[in-house]
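J.: Here's a structure for you.
The values are calculated or read from the model by the stated rules, or taken from the named source; none is laboratory data. Keep in mind that what you see is a predicted model, and the values were worked out from it rather than measured. Don't worry about glycine lacking a Cβ; one is built from the backbone with ideal geometry, like all the others, and counts go over all protein chains shown.
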Amino acid sequence: MTNNQPSISSKDKIPFYRDERIIMIFAQVLSTVMIIGVLIWAIINFFKAAEARNMTLTFGFLKEAAGFPISNPPIDYEPGMSYIRAFQAGLINTLLISGIGIIAATIIGTLTALARLSSNWLLSRIALVFIEFHRNIPLLVLLFIWYFVVFGFVPPVKESLQWPGPIFVNKRGVYLTWPRLTETGGIFIILVVIGFLVSILAFTMLRGRRKITGKETYYIPTSLFLLMIFSLGGWFLSGGTPFQLDIPYLKGFNYQGGLRLTPEFAGMFLSLSLYTAAFIAEVVRGGIQAVDRGQLEAARAVGLSQFQVLSLVIMPQALRIIIPPMISQYLNLTKNSSLALAIGFQEVFAVGKIAINQAGRAVPIFALIMLTYLSLSLLTSFVLNIYNRRIQFVMR
Amino acid sequence: MTEEPIIYCKDVHKWYDDFHALRGIDMEVFLGEVIVIFGPSGSGKSTFIRTINRLEEHQQGQIMVDGIELSHDVRNIERIRMETGMVFQQFNLFPHLSVLQNVTLAPIWVRKWPKEKADKVAMELLELVGIPEQAQKFPGNLSGGQQQRVAIARALAMQPKIMLFDEPTSALDPEMIKEVLDTMTDLAESGMTMIVVTHEMGFARAVADRLYFFDEGLIVESGTPEEIYNNPQEERTKLFLSQIIQH
């Protein structure tokens, strides 16, 4: 039986309403028209409503004087300065709290994950309690706990808690002893930076040579030694006093000097980084556990040491799993920093909120706020995605 | 024999909580011998082979590999792992490294060989297992049989005195089993000391010096392939052989 004639043939011209190519194009055009139509309607409606309420949608007001104070400006700011300046101050506060928060959350989270995975029962339980506590309490509640409960119960200025450092803690904030650069300190910093770069260079080169020649090149001690030499050189060049310890001291009703963290900043920083650390701990733990057990066994069986197993086999594979959800956690942390409004730490959202009350320009200001968060988020994920792509499997 | 055994196991016991997985295993393996261990699943054969390089800890008894006693001493464990190569049922290649890097990883970082030497030896080994042209590929792009041969090359790269095979062909498609068994046969003929957990009785018959039949954590019977095949002494052995051979 060699019958090549199909019983149902499409030899005749296919009518357009049954041609799958035409159906697909039609569906595309239809959906595009609908979406654009809805958008146009929304925009026209918005402008009509804005006109009816006499709202101006320009950004010109940003140059006018803001007229409100910011309690903790990171840059020079007076109420007489412009809205732009106020906005910049808020933005820098946001960047500060998110940047430091991300670093702290990553370190605390990774250590917690390792503790959680450790075979030490006590350590693992402590990590579990830490994670569950912070994961299951709303961030706002945590924020209030730190700000109102913890900082609400620290003593007043005159009876400050004194911790080694010295660090002073009182109702007005945390006062850290802080090394301030002296006039010659710049030389020290420059030499330390150079030393750091040189030692990284030496580390990579010697480690590479160790890999190629197999000869022990002592890359770890050599690079540490180089860093030390440069640091010491800088120390002597700066006359032995690159830094001056700025110790907080009580003057009148308040502490002077040192580095002051306001209760708002400290509360925000602690709750934000601990909260996110709990999530990061779970991300890291999940990533490590997702690496097949056989990998560990194979790496052990060829004789790699514990540390080599972790650094050469487990972590490179775990990172691929960890990075994408880690990006989400970083974005969450940045966006969650807007909750600082609740305790009066004035980052970009809090500043924007006051500006709306003052200037009555809700739409441009919200647009500006959204644009700010959007750019921050896109920038973060852009940078991390480049890294993520670099470490993905070359296979497939 | 007056010669020292390279692997010496005396009364090895292992418990998983209440479950008594190994109930007193005695075994001596001499240099150049090929040992095949077979038995039903759950009989402890994989557990036993994994105690030899300490992937599983034995709780009682003595294990000595090449004169090194296996104890809680980390240095001894690391030495024994350098003397023993292991091939797993699931290959367990490192997916983030190329085939060549899989083979050179341990020689470079554990034996501290120069990269050039490690690369050269690795290429020779890949030649030996018949897949030098795959050196730059990643494990994910290889067939199961090829992956298992890379795993054999990876284990050999550390120049072990003993090779342990834990059901090396169980996860392979039928047509790939042969290529792996051929590689293992070549290896046995080159004089390598091997302990192989497998149900490939054809391989056992052709290559093994001695067979061990495990059941319920005990050695039920051992002997040369002829003894076990033609004249098994225990009912349990007869039954098991009849089940795995007749199909």
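J.: Report the residue count in the stretch A:350-396 for those that are surrounded by fewer than 19 Cβ atoms within 10 Å (Cβ to Cβ) and under 17 Å from the mean Cα position of the chain (by Cα).
T.: Number satisfying all stated conditions: 16.
J.: Continuing with this model, one more query. Can you tell me which residues in the stretch B:120-142 are crowded, with 19+ Cβ neighbours inside 10 Å and within 10 Å of another protein chain (Cβ to nearest Cβ)?
T.: Hits for the stretch B:120-142 are B:138, B:139, B:142.
J.: Among the residues of the stretch B:195-224, how many are in a helix (DSSP H, G or I) and touching a residue at least 40 places away in the same chain (Cβ under 8 Å)?
T.: 4
Residue-wise test of (1) small (Gly, Ala, Ser); (2) surrounded by fewer than 16 Cβ atoms within 10 Å (Cβ to Cβ); (3) in the same structural domain as residue A:347 (by TED's automatic domain parsing).
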position	(1), (2), (3)
A:69	no, yes, no
A:98	yes, no, yes
A:102	no, no, yes
A:112	no, no, yes
A:138	no, yes, yes
A:141	no, yes, yes
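J.: Run residue A:83 past the list (1) surrounded by fewer than 16 Cβ atoms within 10 Å (Cβ to Cβ); (2) under 15 Å from residue A:350 (Cα atoms) and report the number of the one that doesn't hold.
T.: (1)
J.: Among (1) hydrophobic (A, V, I, L, M, F, W, C); (2) farther than 30 Å from residue B:69 by Cβ; (3) out of contact with any helix residue (DSSP H, G or I) (no Cβ under 7 Å at 6 or more places or on another chain), which single condition is residue B:82 missing?
T.: (2)
J.: Here is a further query. Say we look at the stretch A:187-238 and pick out the residues that are touching a residue at least 40 places away in the same chain (Cβ under 8 Å) and of a type in the set (A, V, I, L, M, F, W, C); which of these is nearest to residue B:111 (Cα to Cα)?
T.: Here the answer is A:192.
J.: Here are some conditions: (1) away from chain B (no Cβ under 14 Å); (2) in contact (Cβ under 8 Å) with a residue 24 or more places away in the chain; (3) in a helix (DSSP H, G or I). Residue A:370 meets all but one. Which one does it not meet?
T.: All conditions are met except number (2).
J.: Considering every residue within the stretch A:258-280, establish whether at least one is surrounded by fewer than 20 Cβ atoms within 10 Å (Cβ to Cβ), within 14 Å of chain B (Cβ to nearest Cβ) and of a type in the set (Gly, Ala, Ser).
T.: no
J.: Okay, moving on. Checking residue B:172 against (1) part of a loop (DSSP other than H, G, I, E, B); (2) in contact (Cβ under 8 Å) with a residue 60 or more places away in the chain, only one condition comes out false. Which one?
T.: (2)
J.: Okay, moving on. Would you kindly identify the strands (runs of 3 or more DSSP E) lying entirely within the stretch A:114-213 that contain at least 2 residues that are touching a helix residue (DSSP H, G or I) at 6+ places or on another chain (Cβ under 6 Å) and either within 14 Å of another protein chain (Cβ to nearest Cβ) or over 30 Å from residue A:230 (Cα atoms) (or both)? Walk me through how you get there before you give the answer.
T.: Working: elements: A:161-163, A:167-170, A:173-176, A:178-181.
Filter on the stretch A:114-213 gives A:173-176.
J.: Further, regarding this structure: So for the stretch B:105-118 (the condition being closer than 27 Å to residue B:20 by Cβ and surrounded by 22 or more Cβ atoms within 10 Å (Cβ to Cβ)), does at least one residue qualify?
T.: no
J.: Oh, and also: What's the number of the condition residue B:195 fails, among (1) more than 14 Å from chain A (Cβ to nearest Cβ); (2) under 13 Å from the mean Cα position of the chain (by Cα); (3) farther than 26 Å from residue B:95 by Cβ?
T.: (1)
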